[in-house]
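Below you'll find the structure, written out as structure tokens, and then a few comments.
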Amino acid sequence: MDHKYGLLNAPEKNLEYCKNKPSNRWTSVWTVIENNRAQHQAWGPPTLGSVRKIKILSFLFGLTVTVLIMASYILTRDQKGLFLTPSPYHLTVVSRPAQHPLNLSFTTDYTVVREVVRSIVAKVDFSRRKVPDLGEVREKEANIFTAIPRKFLPHLKNPCWYEEFFGNITADPYGKNLYALYSKRFQAIYDHLRRAFPAHLHQHAGRYYRLRCLPFFYIIGQPKCGTTDLYDRLRLHPEVHFTTMKEPHWWTRKRFGIITLSNGLNNPYPLNDYLDLFDQASNQIQDHLMSNSSKSLKKVDSIIGEASASTMWDNNAWVYFYDNGKGVEPPILVQDFIHAVQPDARFIVMLRDPVERLYSDYLYFGMANKSVEDFHERVSESLHLFEGCLAERSIRSCIYNTTLNNLMPVRLHVGLYVMYLLDWLSVFSREQILILRLEDHAANRKITMRRVFEFLQLGPLTLQKEADITKSPASNTRRPANRNLGPMLSITKEILQNFYRPFNQRLALVLKDSAFLWT
């Protein structure tokens with residue numbers, strides 16, 4: 001495992017230097033940001049002249065209190081930022097300098113950011129990625145491909161197989177499962193699985209076998225686009241089962257050892273720990289299979305889903321592995337591994353207006369002192385950083401750049417849907433990916449869910465069951481406190497619309513649907 005490329009892509013010999021100073025690559029970008037801020041700052045106290053000593057002391061006392069308050073605000077804000085994939089070195093993030101509230105009455109800020117957006121748009125490129133050879137992909141993760149067979153049981157709709165069990169059938173099969181150790185709220189489910197484990201072992205010729213399964217379909221994105229609501233409704237379908245926990249993030253994070261967003265790389269989660277998450281559903285599938293075995297070979301139509309909203313876009317760990325840090329674009333992506341294991345898998349993607357998605361993303365994360373002005377400033381800084389990256393690299397290199405993704409105060413890149421979709425379409429067919437819009441889902445959930453049922457080839461439902469699925473309240477909606485902030489500033493919205501426009505246009509062209517223009 002190669003850890004020599006840290007958060008700032010610095011070699012080991014310069015690690016201490018990088019802990020205290022950002023990479024030179026971003027120095028010019030930070031300079032632009034600070035110059036922009038300086039136009040809105042008031043420098044120095046007013047002339048004191050002949051003011052009496054008591055007024056001088058009062059002024060200094062007030063100034064001290066103000067500085068302490070501002071420092072508290074900045075520290076709180078920095079500690080709760082949107083740094084998604086940490087470095088294994090726990091590098092110290094350089095604190096932002098103290099600043100006064102953005103003066104939106106000045107047109108200078110808008111003019112500068114608008115030019116930044118124009119510069120970015122001029123460099124947008126939708127060239128194809130180089131797809132790695134299947135043999136190369138299998139070589140990089142040999143443990144995955146030796147554990148999972150290339151063919152699955154023929155009488156199951158879901159991809160499953162029997163794996164020989166060599167352990168003690170009376171021992172705890174989940175005692176070392178890292179998901180079980182770090183997910184205390186799922187202990188009741190694991191207790192149930194422990195008790196059911198011996199009864200679900202299949203004995204043949206003096207040996208024990210357990211049924212193992214992968215998902216028939218994945219809900220892969222995007223964050224803050226309604227994936228939780230879709231997940232909650234699909235769980236109500238009698239033929240659909242999910243993992244014991246939502247969003248295991250195994251393909252994008254856990255298999256690399258990213259346990260929490262505040263820590264670096266830890267022990268990787270083994271493949272078996274991930275497969276254990278499907279045991280509850282596997283047991284139900286096996287019960288159906290056994291009940292059919294004595295009667296007929298009727299196909300079992302139950303399927304399993306997995307919902308991790310990071311699967312579509314998060315490749316932030318790529319720079320630490322497979323010698324990938326030597327290049328500027330990841331040579332192997334998450335979808336390459338999934339395709340090598342499950343070439344027939346299906347995927348569901350829920351999207352929304354990327355401008356509104358970004359604002360919802362900002363409101364969702366638990367940072368202090370949220371405001372529309374703060375959101376505007378974070379957008380401005382992120383755009384400057386993105387432009388700085390494009391000055392040296394391609395658009396694909398920048399959206400997969402771990403350093404940039406960690407530095408940007410808001411996740412601009414997550415809304416560049418077409419860039420990720422094109423990379424998924426480089427290995428999977430268009431028929432294997434269902435693209436939905438949150439706006440359509442919110443307007444008519446019955447139509448959306450029927451599209452999903454048809455895509456997954458699910459059986460018919462009674463009118464009552466369909467009503468139960470489609471009429472339940474929406475899940476994971478905006479919190480009341482966040483709703484009180486109101487919409488983003490019109491100037492921020494215009495800037496973001498200009499930024500996302502060429503990507504939306506390409507997306508609408510790829511999908512042959514003008515609704516994805518979000519105009």
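Between 470, 462, which is buried (at least 16 other Cβ atoms within 10 Å of the Cβ) and hydroxyl-bearing (Ser, Thr, Tyr)? When all the criteria are applied, what remains is 470.
In segment 230-258, the residues that are closer than 16 Å to residue 177 by Cα form Cβ pairs under 7 Å with partners that are assigned to a helix (DSSP H, G or I) and of a type in the set (Val, Ile, Thr), at six or more places apart or across chains, as follows: 244/189. Considering only residues of segment 202-221 that are open to solvent by less than 20 Å² (accessible area, probe 1.4 Å) and part of a loop (DSSP other than H, G, I, E, B), which is farthest from residue 464 (Cα to Cα)? My answer is 214. So which helices (runs of 4 or more DSSP H) are wholly in segment 414-518 and hold at least 2 residues that are of a type in the set (A, V, I, L, M, F, W, C) and touching a Gly at 6+ places or on another chain (Cβ under 9 Å)? Counting at least 2 such residues, we get 438-443, 490-511. Residues considered: 465, 512, 446, 471. Of these, the only one that is touching a residue at least 60 places away in the same chain (Cβ under 8 Å) and not acidic (Asp, Glu) is 465. Against the condition under 30 Å from residue 413 (Cβ atoms), surrounded by fewer than 22 Cβ atoms within 10 Å (Cβ to Cβ), among the charged types (D, E, K, R) and in contact (Cβ under 8 Å) with a residue 40 or more places away in the chain, how does residue 224 come out, does it pass? For residue 224, the condition - under 30 Å from residue 413 (Cβ atoms), surrounded by fewer than 22 Cβ atoms within 10 Å (Cβ to Cβ), among the charged types (D, E, K, R) and in contact (Cβ under 8 Å) with a residue 40 or more places away in the chain - is not met. Scanning segment 316-339 for residues that are at pLDDT 90 or above and either open to solvent by less than 10 Å² (accessible area, probe 1.4 Å) or among the aromatic types (Phe, Trp, Tyr) (or both) gives 332, 333, 334, 335, 336, 337, 338. Against the condition at pLDDT 95 or above, surrounded by fewer than 22 Cβ atoms within 10 Å (Cβ to Cβ) and under 21 Å from residue 127 (Cα atoms), how does residue 392 come out, does it pass? The answer is no for residue 392.
The values are calculated or read from the model by the stated rules, or taken from the named source; none is laboratory data. Note that the coordinates shown come from a computational prediction; the quantities given were computed from them, not determined experimentally. Because the Cβ atoms are built from the backbone with ideal geometry, glycine has one as well, and the counts that use them run over all protein chains shown. These accessible areas exclude ligands, DNA and RNA; they are computed on the full protein's heavy atoms, side chains included. Shrake-Rupley method; radii C 1.70, N 1.55, O 1.52, S 1.80 Å.
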